[in-house]
Amino acid sequence: MSTPAIATASVEVPCAPEVAFQLFTAEIGRWWKRGTNYWNDADKGQELRLEPGVGGRLVEVYDPETGDGFEVGRVLAWEPGRRLVFTWRQAGWEPSESTEVEVRFEAAGAGTRVTVEHGGWERVRSASPGLSDGYSHGWGELLHFYTQDAEAR
Amino acid sequence: MANNIDATLAALADPTRRRIVELLRERPRRAGDLAAAFEISTPSVSRHLRVLRHSGVVTGHEVADDARLRVYELQREPFTALGTWLDQVQAFWTDQLGAFREHVEQATRAEQ
């Protein structure tokens, strides 16, 4: 994913990559901030749950007892201590539409650099059924030109 | 995601329309000039221009009664809005990663 239509963020944490991965995934319900959760239902959402392993679900839990809630995405890559990839969709999108979040864990000094890349926005076409034919990666480049232009002004 | 961003993404999710946008990026052009740049028919170029216009990505200025003389120009706002959207996503993740670091710091402190 080298197109620039990607949102990135990173942080350094004071523990080994394996520990960072473990805390990021198993304890996501404890650190994930609810207030800023404007993606889906901030009122009903109680916590986030991530099931371990490829195919595991990422769920915005509305009922902690049953685990019911909105399925945000599924795990595509599960490499403890190194890399985590999951799909990410928003309520209201078509079932086939989803973006992709990649989280990398890299040793940095005594700690770990955790980098998030959130891309795949060009796959979201809620307003335009049937436009997938002939799609290429050109969109990302185009957006890059224009955000550059916008910044230069 | 705001509807207008959906419309922008939809408008750009087509190779012909992206090519039109690239041409308009150089300078405003007449519909007839744009049609000449493509191997597809003039009516289908017109259809693409209509999609771009309805999404707000381009504007078309009528200079005469002849539609071929209409001058198309790129609009900056939809692209700025897309950039803003990505900035918001980025801010969201930066915020969440900040919360994650706090959690790690608490967890590792508790261990020591």
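Every number in this text was worked out from the coordinates using simple rules, so none of it is lab data. None of these values were measured; they are calculated from a predicted model. All Cβ positions, glycine included, derive from the backbone under ideal geometry; neighbour counts span all protein chains shown.
Here are some notes:
- The calculated FRET efficiency for B:T59 paired with A:E27, based on their beta-carbon distance and R0 = 41 Å, is about 0.20.
- Kirkwood Rh and Cα Rg combined as Rg over Rh, evaluated for the stretch B:3-111: 1.31
- Loop-resident sites, the stretch B:1-52, for GluC sites (Glu not before Pro), counting at most 11 other Cβ within 10 Å (DSSP): B:E39
- Among the residues of A:23-31, the average count of other protein chain beta-carbon atoms within 10 Å of the residue beta-carbon is 4.
- Each of B:A91 and B:T16 was given a label point 7 Å from its Cα along the Cα-to-Cβ line. The distance between the two points is 3.9 nm.
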